[in-house]
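Accompanying notes for the structure given below.
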Amino acid sequence: MSENAPAADAAMPGSVARQPRRASLLRFLMRRHPLALGLVTLFLIAAIFGPWIAPHSMTDTDLGAALQGSSAEHLLGTDPLGRDVLSRLLGSTVVAAEAFLIVVLIGGIFGTLLGLLAGGLGGILDLVVSRVTEVVQGFPTVLVAIVIVALLGPSLVNAMVAVGIAAIPDFARVSRGVAIQLRDREFVQAARGLGASELRILRTEILPGMIGPLVVVASFDGAQAVMWEAALSFLGLGIQPPAPSFGSMLREAQQYLSIQPQLAIVTGVAVTAVILGLNLFGDAISDYFDGDGR
Amino acid sequence: MLVYVAGRMAGAALTLLCVSALAFFATALAPGNPAAVLLGTMATPERVEAVTRQLGLDRPLPTRFVIWLGETVQGNLGVSNLSHKPVTGLLMDALPVTLELAGLSLLLAVLVAVPTGLILAQKRDRWWSKPAMAVITLGISVPGFWVGLMLIVLFAVTWRILPSGGYVPVSRGLGLNLRSMILPTLSLAIYLAPALIRFVRVTAQSVLKEPFVDTARAKGLGNFRILFRHVAPNTWINTMTFVGLQLGVLISGAIVIEVIFSLPGIGRLGLNAVLNRDYPVVQGVVLVAAVGYVFVNLAIDLAYGLVDPRVRTR
C-alpha cells in the first residue's frame, strides 16, 4: 500500500538494531510524544472496552428520536434511525481495530517473510521479489478491492484482504532493506562461522533486528487500514448494515448533510483522531529507534 | 539508456498481461453462470445451455482467456449485463469525467505542494514551520472523502454558492463544467497534497545540503533564487517518481470522490457494476484503470531523460 510511501520510507532507520536502549519506550513516548500515546491509548480502550462502555445499543433503532443533536441522553446525538451516535462510534472503533489487525497480519506475515528471504538470501529470489514488489506497490487499492468483492461479495474481511495485499510490498521493502544491511555484519558472520544455516541466521540474527522498523510500518499501514475500511464501507464494499463502521456511518450521514451535519462532523473527527494517532505513533516509534530526536 | 527503456517497456507489458489475467480470471471464476444471469430467471435449462455454448463458456478457461484477450485488444469488451450496452461505449462515456477530475486535482495538488514543500525545507527553523508540519500530518490523516463531505456542508449547504454534486459536460459550457468540478477537485487535491508536501520537503532538505548550494550562496544569490532555480530542478526526478507511486492513490481517490459528488466517471461505473455483479463492466473498469496506471508510470520513467539531462548520458 504505498499509499503512504513518504511515511513508510521514514521507517528505515539510519542504524538498525541499535542496542542498548536509552530509555524505556513508554517513558520516551510520555515525554516526547504524548499526543501519539494518548490517541493510541484512547483507540485501544475504545476498541477493547467499546461494547461495554457504550451507553446505548449500537443497532436498536428508535425512529421517534431520529437525527437529534447533542443531549444529556445522547451525548453526540442520534443517526437517521434514532441510534445513539456515541455508541455507534465506539462500535466503529472495534471494526477499525479489526481492519487494522487483518491488514497488519496479512501484510506483516507475507511481506516480512518475502523481504527477509529476498534480502537475506539474495540472488534470483531477491530479483524476482523486488520486481514483483515494485509492480504491486502503488497499484490502486480500490481496484484490488473491487476485484475481490466482485468475486467474493462485500464484507469487512474481503475488503480488508484487498488492503492487506496492498500492504505486503511495504513490509517486504522494509524487511528486505534491513536484511541487506545486516547480513554481512560481524555478529551474523560470527553465527555463520559457528556453522548456523542461512535460514537459522535469518530467524535468530536478522529477524530480531527488524522489529522496530516493522512496528513503524505496521503503524502507518494500520492507519491506512482504518482509512480504507472507512472508504470501502462508505462505498458499500466493506461491512454491511446494520453493523456500525466509520464508513457506513458517513454514508448514512451524507444523505442528511443539510438537516443534521453534526452526524458527519463527529464521525469524521473520530476516524481522523484514530488515523492521526496511528500516524503519530509511527513517527514516534521511528524517532525512538532512529535516536536522532529533536 | 536503450536497455533501460526496453526493460521498462517489457515490465509494463508484463504488468498489463498479469492485470488482464487477474481481471479475466477473477470474474470468470465468480459464482453464477453469466448465461443464466443474461437470460433471467424464466429461462429453461436447455436455453441456458445453448447460450452457454454460444458465448463459449463451455470451453476450457485458458482458451477462453486467449479469446477474451484477442477481443479485448480489438476494443471489444463485451456487453453490460445490466444495461445491455457495449462496455467499450460505457467506458468511453465515463473516462473523460474521471480524467478531468484526476487531471485537475493532480495539477492543483502539484502547484500547491511543490512550492510549499520547497519553502518548508528552506525555512525549517522559523516559528511557523513546526505548526505547519503538524497541519500537514493532520492532512495526511484526514480521509479524503470526509473532506469532500465537509466541503459540501460549507459551500453547498451553509453558503449555497456551489452545487453539492452532479456533472455538467463541457458541451454545455466550460464555465458551468468547471463550476461543477470545483468541490470534487478541491477534495481530491486536499487528499493528495499533504503527502506530496512532506515528500518535497524531505527531498529539498537533502538537496540543500549539497555543495553547489553553498557555492550559489557564496556568489551572493538570494534565498528565493537558490530555492527555485538551483534546488527545485534537482528535486524534479524524485517528485515525479513519487507522483507515479501516488497514482494508485489518485485513481482510488477519484473513485471515492466520484461517488460522493455523483460524477458519472469510471469509479461510479465500476462500483455500480460490482454491487450489481455486472462482470463485463467490472472487467472493463479494472482493465482501463490498470492500463492508465501502467502507461502513466511508463511515461514518467521515460520522461526522466527530459527533466534531468544527466539521465540521458548514463
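Annotations
- Qualifying residue in the range A:191-201 (condition: more than 12 Å from chain B (Cβ to nearest Cβ), farther than 30 Å from B:LEU275 by Cα and touching a residue at least 40 places away in the same chain (Cβ under 8 Å)): yes
- Number of residues in the range A:114-152 that are more than 9 Å from chain B (Cβ to nearest Cβ) and assigned to a loop (DSSP other than H, G, I, E, B): the value is 1.
- Single residue of B:PHE228, B:PHE199 found to be hydrophobic (A, V, I, L, M, F, W, C), modelled with pLDDT under 90 and in a helix (DSSP H, G or I): B:PHE228
- Taking the range B:237-272 as the range and being under 14 Å from A:ALA231 (Cα atoms) and free of Cβ contacts under 8 Å to residues at least 12 places away in the same chain as the test, only B:SER252 passes.
- Members of the range B:260-284 that are buried (at least 24 other Cβ atoms within 10 Å of the Cβ) and of a type in the set (S, T, N, Q): B:GLN283
- Failed condition for B:LEU275, given (1) at the interface with another protein chain (Cβ under 7 Å from one of its Cβ atoms); (2) in contact (Cβ under 8 Å) with a residue 12 or more places away in the chain; (3) closer than 25 Å to A:LEU257 by Cβ: (2)
- Candidates B:VAL296, B:VAL259: the one that is at pLDDT below 90 and either within 24 Å of B:LEU149 (Cβ to Cβ) or not aromatic (Phe, Trp, Tyr) (or both) is B:VAL296.
- Any chance B:THR241 is within 11 Å of another protein chain (Cβ to nearest Cβ), of a type in the set (Ser, Thr, Tyr) and on the phi < 0 side of the Ramachandran plot: yes
- Residues satisfying the criterion are present in the range B:145-157 (criterion: within 14 Å of chain A (Cβ to nearest Cβ), among the aromatic types (Phe, Trp, Tyr), closer than 26 Å to B:GLY265 by Cβ and crowded, with 18+ Cβ neighbours inside 10 Å).
- Annotation note: of B:ILE300, B:ILE257, the sole residue that is more than 10 Å from chain A (Cβ to nearest Cβ) and surrounded by fewer than 23 Cβ atoms within 10 Å (Cβ to Cβ) is B:ILE300.
- Some residue of the range A:265-286 being closer than 30 Å to A:GLN181 by Cβ, in a helix (DSSP H, G or I) and over 23 Å from the mean Cα position of the chain (by Cα): no
The values are calculated or read from the model by the stated rules, or taken from the named source; none is laboratory data. If you're wondering where the values come from, they're calculated on a predicted model, not measured in any experiment. Here the Cβ is made from the backbone with ideal geometry for all residues, glycine too, and neighbour counts use every protein chain on show.
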